[in-house]
1. What is the sum of charges around Gly239, taking Lys and Arg as +1, Asp and Glu as -1, for the other residues whose C-beta is under 12 Å from the C-beta of Gly239?
2. If you average the sequence gap of Cα pairs under 8 Å that are 6 or more apart and divide by the length of the stretch 134-252, what percent do you get for the contact order?
3. Determine the relative contact order of the chain: mean sequence separation of Cα pairs under 8 Å and six or more apart, normalised by residue count, in whole percent.
4. Between Ser216, Thr106, Pro166, whose Cα lies farthest towards the positive end of the dipole of the chain when Lys and Arg beta carbons carry +1 and Asp and Glu beta carbons carry -1, centred on the Cα centre?
5. Over the chain, what percent of the accessible surface lies on carbon and sulfur atoms, probe 1.4 Å?
6. For all pairs of alpha-carbon atoms in the stretch 272-415, what percent lies in each bin of width 5 Å, listed from the first bin to the last filled one?
7. From the Cα gyration tensor of the stretch 118-200, with a ≥ b ≥ c the square roots of its eigenvalues, which class applies: rounded if a/c is under 1.5, or else prolate if a/b is larger than b/c, or else oblate?
8. If I ignore ligands, DNA and RNA and count only protein heavy atoms, how much of Val41 is accessible to a 1.4 Å probe, in Å² to the nearest 10?
Amino acid sequence: MMGNFRQQSAAWIVNVAIAMTALRTNLMRSILTTLGVMIGVFAVTLAVAVGSGAQVSVMQSINALGSNMALIFPQPDSEGGRSTFDRGRLTMRDARAIEKQISGITDIAPQLRTSIQLVVAGRNASTSAIGATPGYAKVSNAAAASGRFISEADVRSAARVVVLGPSVAKKLFGDYDPIGETVRINRAPFSVIGVMESKGSSFGNDNDDIAIMPISTTRQRFAGDSLSGPDDLQMLFVGFEDGVSLPKAKREITRLLRERYRVRGKDINPFTIRTTEEFMKESAQVTGIFQIVLVAIASISLLVGGIGIMNIMLVSVTERTREIGLRMALGAKRSDIRNQFLVEAAVLCVIGGAIGLALAIAAGTALTVYADFPVPIGIGVGIGAIVFSAVIGLLFGGYPAVRASRLSPIEALRSE
């Protein structure tokens, strides 16, 4: 058994050596033929990596919001029925009712959002302002890297204090510690009490480009004109304990709010509730379809490359007919001839695949560094690309190899 294995291994090594010699003999033709497979592997590998990167970015965006959480928006539910409300509904009274009556809640974070401009010492930065309560830090997995977060006292007194995201702090103060400094926000002076920990970027969006202030301050100074009532909210984050069923929690909140707004029968809810679990499922479906489409489009170039391999191998069989006849006359079996051409096609594809993989890694690295978009190409993807290249060679080199093995030795020797 061991002796037979050694003989077969030696035979394959000889076939690889013959293949390399044949490829060097027609170097330019080999290079041009390899281009098709190289481009195909490059495109497929990069498509798989971009799809995976999209999933990573989506997960990062969701995690930046917080995990095991429900988001409530004052927007009419889009699912069927009719609406008895002119616009959506969501207030601080609703937030307090949810906190008291729904079990398993760790904290809630009512929010108002608006755009602001901050100015200090001739520098300015436009960013998104979040009017929040102390619960925002816990619900969204956020924390102050320096200084402190807003407090209940800040909210009660509508204090003019602000917690800066790292990107905003960098724009305004560079490497200088901004804690205790005064910035002007829409011409009003605010004291910087903290700088948030960095959450990085996702999908090209800078999660650190924010400023957080007490919700009462935001309501009085920045968002009042956009609200229909003094108690209205633009968003509510509800964080739950680990192990709490989000679908069940969503049903309980829906029931409570429907009762509060006296929504009857099949009438449309004046609010919309989404959970992070739903975001993850929907995002996985969308990015999965996105990845399939990318791979399908990229696979066309790989198919063209495979056809090119088949074409050049058929030409090679025709050119080397006399060589095939000599090998058969010297005792080579039909299987030896077949394996020789299969190995030659596989080697050609593996070389092209390796170059295509290297180019895909380079392109993925460039996208990660310069476009701030993760393009992960792991060891598994790399090995898969090389193996897939070999399979392409075996598949498209199969017909030429079988055709070569079926040549008549006598007719082959007569060939010029």
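1. Around Gly239, the surrounding residues sum to -3.
2. With pairs under 8 Å counted, the relative contact order is 29 percent.
3. 29
4. Final value for the positive-end residue is Thr106.
5. The computed percentage sits at 58.
6. With 5 Å bins starting at 0, P(r) equals 2, 9, 13, 15, 13, 11, 9, 7, 6, 5, 4, 3, 2, 1, 1, 0, 0.
7. Oblate is the answer for the stretch 118-200, as a/c is 1.5 or above yet b/c matches or exceeds a/b.
8. Number for this one is 10 Å².
The values are calculated or read from the model by the stated rules, or taken from the named source; none is laboratory data. Bear in mind that the values here come from a model prediction, so they are computed numbers and not experimental data. Note that we place each Cβ from the backbone using ideal geometry, even for glycine, and neighbour counts take in every protein chain shown. Note: accessible area is taken over every heavy atom of the protein model, side chains too, but ligands, DNA and RNA are not part of it. Shrake-Rupley method; radii C 1.70, N 1.55, O 1.52, S 1.80 Å.
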